[in-house]
Amino acid sequence: MNLFDILGPVMVGPSSSHTAGAVRIGRMAHRLLDEGTPVRADIVLSGSFAATGCGHGTDRALVAGLLGMQTDDERIKDSFAEAAACGMAYAFSRVNLAGEHPNTAKIDLVGASGRTLSMTASSLGGGRIAVVALNGLRVRFSGDLPTLIVQNRDLPGHVRDVSDVLARDGVNIATLHLYRDHPGGDAVMVIEIDKAISAQRLDTLRAIRGITAVTFVGAQEEE
Amino acid sequence: MAIESLAALMDAGAREDLFEVIVRSDCVDRGVTREASIARMTALYDAIRRARSGYDPALRSRSGMVGGDGAKMRAHAQSGRTICGPYIGGVLAQALEMGESNACMKCIVAAPTAGSCGVLPAVLLPYQERENLPDAAMVRALYVAGAIGQVIAQKASIAGAAGGCQAESGTASAMGAAALCYLAGGSAQAVCHAAALALKSLLGLVCDPVAGLVEVPCVKRNAAGAMIAMSSADLALAGIRSAVPPDQVIDAMREVGDKMDVSLRETGMGGVAATPFGQRVAEQMMENA
Ligand code: SF4
């Protein structure tokens, strides 16, 4: 853990895993949807999120994150009212997601354009999170580094296409992971990079045949 | 170069100021400049101060168990009737206030965790005022506190779910002891022994939050952690050393944590959480869920 994993996060209490981590999970879903505040959110709480989440404000923290709030936003405790004001409908259910980390939430979003997103993420402690499923595919990334998420059909050549585009911007790849459901099926490329990528390059990527969605999430902004 | 042990810290700190050792390690660790590192730590200290002024004695936690005690303690500290005197009274009040702010969903700085967020502010803020220290000195002390936490996290744990409350309150107290000892001019050796003395004093402490909430006993343990931080710093400044080498104290903490039953590691099923009172609160929370 680095020095600022020990000191920090600056956060609204009471729990770094159940409150701050939950805000970050909600915010990650908000950013992955990539079109502002969703109009509808269906949230499944699992494990200890379901058991003690209410007392820790996990529910309000997730909604706050979905509205785009950060861990230190004092409006977190009033996020239900904020959601109503922003026109975001939400519903909670409690289901045990077998095999997942004890602090896990599954979030299904519908955006204003009708775009949908399904994300499952776990709060690992100290406010750190990991996305473990995206639109039905198993993945694993934290969002600690700037992260590029490319959804595509599993066809040969896409890794090269994407890395070519990144190289043109002089962007260095830190890690690259591929996930797919079956050969030739849906696939996700999760690429952690050292710096942000330009909007123009994102559009170049989107234009590549077989690529269905491209999302960029910058590093977790810090206090 | 991440700092891997207190022995390494004492070694490096014998030749050079501890702050210099730690800031350099942070720069390498996170790939940032010295200026960026210090700016972020300075912002963190500002956030601690903002968190202090955000305290509201009228607030109550979700369960209703927590709130208002910080203000009671502050009034008592100024009453002339304290056992510990007005200074320590103020420290205790600060510890409670920060813990209560956390339980009441106000903004705090986890150090190392949200449950133990009151210890460091409680020992640092009043000390700065009493000694009239510049912010820059406090920021340097935060580096020292952070490095102690880093070593403990690496060798053992700072999560109640993994190591019990000794890992949270114990680590917070060790960090506070080290920071105070450093500010008072203690050597690197004294700083690390102050941390070890604090950790040893809280060794074995279980994590037993009532209804699984970071409220009871967490808030009041901040007061205890702050007291032990101060006493440990003074012992070390007096030249007293932990008979057990500091790294071995951390190893012992880990071993105790590993042996701790799961009911005593944040599950809300043992210790004060399992008392009739604790069970009643848990039932009420379930009904209101
Ligand atoms: S009792 Fe558990 S939850 Fe409370 S402060 Fe200690 S470690 Fe954290």
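None of the figures in this text is laboratory data; all of them are computed from the coordinates on show. Because the structure is a prediction, the values reported are computed rather than measured. All Cβ positions, glycine included, derive from the backbone under ideal geometry; neighbour counts span all protein chains shown.
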(request) Starting from the Cα of A:Lys77, draw a straight line to each of the lysines and keep only those under 24 Å, dropping any in the same chain fewer than 8 residues away. (result) A:Lys106, B:Lys106, B:Lys220
(message) Let me check against my output: what whole-number percent is the relative contact order of the range A:147-221, with C-alpha pairs under 8 Å and at least 6 apart?
(response) 46
(message) Averaged across B:138-150, how many Cβ atoms of other chains sit within 10 Å of each residue's Cβ atom?
(response) 2
(message) Need one number for the protein assembly as shown: average projected area of the convex hull over its C-alpha atoms, nm².
(response) 24.5
(message) Please report Rg (one decimal) and Dmax (integer) in Å for the Cα set of the range A:147-221.
(response) 11.6, 36
(request) Determine the shielding of peptide B:98-105 by partner chains: average, over its residues, the number of Cβ atoms on other chains within 10 angstrom of each Cβ. (result) 5
(request) Between beta-carbons, use under 14 Å as the cut-off and find the net charge around B:Ser61, counting Lys and Arg +1, Asp and Glu -1. (result) +1
(request) Return, in residue-number order, each cysteine of the protein assembly as shown whose C-beta is not under 4.7 Å from any other cysteine's C-beta. (result) A:Cys54, A:Cys86, B:Cys27, B:Cys84, B:Cys104, B:Cys107, B:Cys117, B:Cys181, B:Cys192, B:Cys218
(message) Can you work out the Karplus-derived ³J(HN,Hα) for every residue in the range B:223-229? Use 6.51 cos²θ - 1.76 cosθ + 1.60 with θ = phi - 60°, whole Hz, and x for glycine or proline.
(response) 5, 5, x, 5, 4, 5, 4
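For the range B:74-128, which trypsin sites (Lys or Arg not before Pro) pass both filters: DSSP loop (anything but H, G, I, E, B) and at most 15 other C-beta atoms within 10 Å?
Here the sparse-neighbourhood loop sites are B:Arg81.
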(request) Please work out the Cα center distance from the range A:12-33 to the range B:43-89, rounded to the nearest Å. (result) 27
(message) Using a Gaussian network model on chain B with a 10 Å cutoff between Cα atoms, which of B:Ala122, B:Ala273, B:Ala58 fluctuates the most?
(response) B:Ala58
(request) Enter the mean number of other protein chain beta carbons within 10 Å of the beta carbon of each residue in A:68-76, as an integer. (result) 2
(request) Starting at the first residue of the range B:5-11, write each ³J(HN,Hα) from the Karplus equation 6.51 cos²θ - 1.76 cosθ + 1.60 with θ = phi - 60°, in whole Hz, x for Gly and Pro. (result) 8, 5, 4, 5, 5, 5, 5
(request) Calculate one ³J(HN,Hα) per residue across the range B:201-208 by plugging θ = phi - 60° into the Karplus curve 6.51 cos²θ - 1.76 cosθ + 1.60, and present them in order as whole Hz with x for glycine and proline. (result) 5, 10, 4, x, 5, 8, 9, 9
(request) Could you quote the convex hull projected area for chain B, Cα atoms only and averaged over all directions, in nm²? (result) 15.0
(request) Find how many whole Å separate the alpha carbon centroid of the range B:213-289 from the alpha carbon centroid of the range A:127-198. (result) 41
(message) Amide H of B:Ile108 versus every other amide H placed in the peptide plane: which residues, excluding those fewer than 5 positions away on the same chain, fall under 5 Å?
(response) A:Met11, A:Val12, A:Gly13
(request) Have a look at A:Ser123, A:Ser48, A:Ser16 and tell me which one the Gaussian network model of chain A (Cα, springs below 10 Å) gives the largest fluctuation. (result) A:Ser48
(message) Run lengths n ≥ 4 of DSSP H only: what is the helix-derived mean residue ellipticity at 222 nm for chain A, with -39500 (n - 2.57) per run over all residues, to the nearest 500?
(response) -8000 deg cm²/dmol
(request) Taking H placed 1.01 Å from N in the peptide plane, check which residues at least 5 places from A:Val39 or on another chain put their amide H under 5 Å from its amide H. (result) A:Val110, A:Gly111, A:Ala112
(request) Name the long-range amide H neighbours of A:Val139: under 5 Å, sequence gap of 5 or more, or other chain; modelled H, no Pro or chain starts. (result) A:Ala133, A:Leu134
(request) Springs between alpha-carbon atoms under 10 Å, Gaussian network over chain A: tell me which of A:Ser198, A:Ser142, A:Ser46 tops the mean-square fluctuations. (result) A:Ser198
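Given R₀ = 22 Å, what would the calculated FRET efficiency be for A:Ala167 paired with A:Arg209, taking r from the Cβ atoms and rounding to 0.05?
Calculated transfer efficiency: 0.65.
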